[in-house]
Amino acid sequence: MTGTNAPPTPTRVPSPQLRRSVGGVLLFVFIIGDVLGAGIYALVGVMAGEVGGAVWVPLLVALAMALTTAASYAELVTKYPEAGGAAVFARRAFRSDTLSFLIGFAMLAAGVTSAAGLAHAFAGEYLGTFVELPVLVAALSFLAVVALVNARGIRESLRANLLMTVVEVGGLVLVVVLAAIVLARGDGEPGRLLEFDADRSPALAVLAAALLAYYSFVGFETSANIAEEVRDVRRVYPRALFGALLTAGAVYVLVGMAVSIVLPPDEVAASTGPLLEVVSATNLGVPDRLFGAIALVAVANGALLTMIMASRLLYGMASHGLVPSVFGRVLPHRRTPWVAILATTAVAMVLCTTSTLDALAETVVLLLLFVFVSTNIAVLVLRRDRVEAPHFRTPTVLPILALVTCVVLLTQQSAATWLRAAVFLGLGIGLYLLARLRSRRTDREVAS
């Protein structure tokens, strides 16, 4: 319920309600599983090349950056616990259907593009370690399986996520344990933990590496799109969100320390599989294939959670009349948005056949930064909208710091990435205008 000075509440298209079957533990696992994705398995080597042995420092800085934007999500989700996430927040704050659609489309495009990229990663060298299949066949089959798991229901999907997250985190914990054993037997080099790249100042080195590390924390924002399926969301959501981010940050810092203790930064930076390189260097008998399997689980987990987000976002946009109402249809018994699942999976499959992994990953990052800028501005604008129900409130300074972080990250993107994002958003504008024209035509036919 809003106060008298609040902006008008968006009209929702009547549709079946999603089942509230997600508790605090499943939500926590959902978020941590999305944050602890495949990124850390590759990016830690790149960070070592930027900062030197003190890899854990930029990881801490990146955690602080992520927490500022997460605080904005905590306030808005507990204030407006609806599916749709950033698109709903933008519509309430800026009173613009067009802007709301663009934010929602950017989030949707980022999610589907990310899933397509993860399908590429799944079907590549990791899968080739166990079985030889044509990359395109493996990638499309992978996306089809993800869609089937998603359609079974949010609870079933998050149970699968629980198992995969345990394996994923277990691999990272294994790296830390192996490094501790190496240190205990006197073979490690703890002095490298305070070593910075000699070719640049420590501050610049940490900033460059923190920009990379920030990408490893992206994923928490997807949880906003399952708000309607969380029990007692106003109490549970902030605890799960901050708890998951802090847990992921602690794991990342320990992994960064483990990497530096076992290997010099130049060796880590030279490897495309830095954690596998660390495990091999410990000489403790862990099979190399083990990390191939763990990487596959990490990629599969990220794709499942991303497609859950994308389908729920499309459902939420349909509920608010931003896209055709057909996307709001749910299965009678499963209560899952089956049309949205089919649509997002089909787009991901098309992207799989037309784009490379690198191009997809770069585009995801820039699209999400647009979403974060909108959300951090929205939390400040919507302070004038008073909601009677108690909800989380972030200190005003945090959204401002988050905006500064987003601007810094935006300045680091290449011209080619900006162009790809512009094409995506241009396509979104075209689809939106076509939808509006069709709606007006339908209204005129009804009136006549």
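Structural remarks
- Restricted to the range 319-328, and to residues there that are surrounded by fewer than 16 Cβ atoms within 10 Å (Cβ to Cβ) and in contact (Cβ under 8 Å) with a residue 60 or more places away in the chain, the residue that is nearest to Ala109 (Cα to Cα) is Pro324.
- For the range 308-327, residues that are more than 19 Å from the chain's Cα centre (by Cα) and modelled with pLDDT under 80 total 9.
- Screening the range 347-361 for residues that are closer than 21 Å to Leu212 by Cα and of a type in the set (A, V, I, L, M) and picking the one that is surrounded by the most Cβ atoms within 10 Å (Cβ to Cβ) gives Leu360.
- Residues in the range 362-405 that are modelled with pLDDT under 85, open to solvent by 10 Å² or more (accessible area, probe 1.4 Å) and in a helix (DSSP H, G or I) were compared, and the one that is farthest from Lys79 (Cα to Cα) is Glu362.
- In the range 416-425, the qualifying residues are those that are modelled with pLDDT under 85 and loosely packed, with under 14 Cβ neighbours inside 10 Å, and the one that is farthest from Ala318 (Cα to Cα) is Ala416.
- Leu433 fulfils the conditions (1) at pLDDT 85 or above; (2) part of a helix (DSSP H, G or I); (3) not acidic (Asp, Glu) except for a single criterion, (1).
The values are calculated or read from the model by the stated rules, or taken from the named source; none is laboratory data. None of these values were measured; they are calculated from a predicted model. Neighbour counts are summed over all protein chains in view; Cβ atoms, including those assigned to glycine, are modelled from backbone coordinates with ideal geometry. Side chains included, ligands, DNA and RNA excluded: accessible areas come from the protein's heavy atoms. Shrake-Rupley method; radii C 1.70, N 1.55, O 1.52, S 1.80 Å.
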